[in-house]
1. Compute the FRET efficiency between Asn442 and Asp420 as 1/(1 + (r/R0)^6), taking r as their Cβ-Cβ distance and R0 = 25 Å, and round to the nearest 0.05.
2. Going Cα to Cα from Lys118, which aspartates and glutamates come in below 17 Å? Please leave out same-chain ones fewer than 8 positions away.
3. Taking Cα centroids, how far is region 205-229 from region 37-73 in Å?
4. Work out from phi, with θ = phi - 60° and the Karplus expression 6.51 cos²θ - 1.76 cosθ + 1.60, the ³J(HN,Hα) of each residue of region 218-229, listed in order in whole Hz, and give x for Gly and Pro.
5. How do Lys79, Lys359 rank by accessible surface area computed with a 1.4 Å probe, from largest to smallest?
6. Once the whole set of protein chains is in place, how much accessible area is left on His159, using a 1.4 Å probe, in Å² to the nearest 10?
7. Kirkwood hydrodynamic radius of the chain from all distinct Cα pairs, in Å?
8. How tilted is helix 432-441 with respect to the longest principal axis of the chain? Cα atoms for both, answer in degrees (0 to 90, nearest 10).
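The values are calculated or read from the model by the stated rules, or taken from the named source; none is laboratory data. Just so we're clear, the structure is a prediction, and the values are computed from it rather than from any experiment. Please note: Cβ atoms are built from the backbone with ideal geometry, for glycine as well, and neighbour counts cover all protein chains shown. Side chains included, ligands, DNA and RNA excluded: accessible areas come from the protein's heavy atoms. Shrake-Rupley method; radii C 1.70, N 1.55, O 1.52, S 1.80 Å.
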Amino acid sequence: MKNSTPELMEKLVSLCKRRGFIFQSSEIYGGINGFWDYGPYGTAMKKAVEQLWWHEMVETRQNVEGLDSTVICHPKVWKASGHLDKFGDLMTDCRDCKARHRVDQMEDKSLCPGCGSKNLTEPREFNLMMKTYVGPVSDEDHAAYLRAETCQPIFVDFHLVRIAARQTLPFGIAQIGKAFRNEINPRNFIFRSREFTQMEMEFFCEDEEAMNWYEYWKNERIKYYREILGFGEDELKIHDHETLAHYAKAALDIEFKFPFGWGELEGVHHRGTWDLGRHQEFSGENLEYFDQEKNKKIMPTVIETSVGLDRTMLALLCHAYDEDSAETKKEGMQEDIRIVLRLPPRVAPVQAAILPLAKKLSENAEKLYKDISRFYRAEFDVTGSIGKRYRRQDEIGTPYCLTFDFDSLNDNSVTVRDRDSMKQERVSTDQLKSYLDKLVYNI
Ligand code: ATP
C-alpha cells in the first residue's frame, strides 16, 4: 500500500518544502521544534480544508452554530476544565542520550526508544499548557494560558450563543482555531506539533438521546472521510476506547494509516455533563437549560467531534502522494517517473491551471485566467515547455490544466487535461464553468 512506506514521509516533507506547502518555522534561525509554517500552496490548501469542514459541519446544518473565541481566556477556564491541574503526560528522561519520552508511547517502558539505555528517570507529570502573562506585570497574579483545545470556550459561551442564535436542544456549536500544547516530543512532521489548528464541534442534547447522537456523529464523520475526502477502507479505522473518563459513556478515535503507523485523526467523545457542570461550579453562573416540554431545568449532555486541521492535511497529503512511470511517456517527457498529488479537487491548492502554449497567447489566456479565478483557485503559468508545466501542476495536485493554444483564438475552446488519467478534452470556454463545476463539486 502506497501510504505505508517509510520513505513516503521523507518524500512528502521534501516536496512540501520544495513546492511551498509546509516548512519549518524560523528556518533561518535553525528552526524551532514543533512549529511549522504553511507556504503559498499549503495555505491555499489549508484554507480549503478548513472551509470544507466548516461547510459540512456548520453551513449546511441548521442545528450547528459557529464561534470564534480568543486564544487566551480567563485562567479559571483552565482550572475548571482540569487542564491546569492534570493536563499532562507522564514522561521520563534518558540519562544517557538526554532524550525525553512520553511513557504511554514507549513500547518497552524500561528502555529508552532512542538509544536503548535502561538509565531512565522515574516517570513524572509534565503540564502541557503554555503560559504567558497578561498586562505589564509578569507575576503569578497575571499568569494566563494559551488554550490547549478550542472546545472550552464553546462551553463557556454556551448560553450566549444559544440565546443569540435562538437555538433549542439539541444543537451544536463549532469552532476552528489554534491550540497550543507544550508537547514533550513533537514529531512526525505536522502530526504532533506545539501550535496547531483544531476543528471542534460540541453537540448539546438531552442525556437520553446522547448515545443516538454519538452514533449519528460517528457515522457522519466517517462518511465525511470516505465520501468527501475519499479515504479508502484500508486507510481508516475506528478505535473504541476501552477505558473511559469517569463522566463519559463512550469515546472513539478515527485513525488514519500514516506512513509511520496508525495515528489518531479525530476523536468522537461522549462528554456527559462534565464540562458545563464544571464551568457552572467554578463561575457560579447557572449553565442549565430550561426544557419547556418537561418544564424543568436540565444540564445538557455533550457529544464532541474533534479533529486536527494539520493532521487532516497530513492525511490528505499521504493519501494523495503517488508516483507513476509509464504514463509520462504519453506526454513526450524524457523522465519516466511522474510525481503526482491526487488531491480531491475541492481541496487542491490550485484547481485549474491556465497554460498558454506560447508566450504570444498570454494576453488572451490571461483573460481566461481572470474569468476562471472568480470561481476557482487558479494559476497562470507561461514558463517552460508544456510538458514541464504539466509536471509542475501534477506535483502540487492541480486536477485540471487548461491549455490555451493557437486554435483557441478562433474556436474559443481550450484543451482540458485531467491530472489522473492525463486524458485531454476540448471544451468551449463558455462551457468551462459548468464543465468544472460538475467535476469539482459534482453539480
Ligand atoms: P494524542 O493522543 O495524539 O496526543 P489527543 O487524544 O490528546 O491526541 P485530543 O485532545 O482529543 O487529542 O485533540 C483532538 C484532535 O486534535 C486530535 O485528534 C488531533 O487531530 C489534534 N491534535 C491533538 N494534539 C495535537 C498536536 N500536538 N499536534 C497536531 N494535532 C493535534
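1. 0.95
2. Within reach: Asp93, Asp96, Asp104, Glu107, Asp108.
3. One Cα centre to the other: 19 Å.
4. 4, 5, 4, 6, 5, 4, 4, 5, 6, 8, 9, 8
5. The ranking, largest first, comes out as Lys359, Lys79.
6. Answer for His159: close to 40 Å² accessible.
7. 24.5
8. 40
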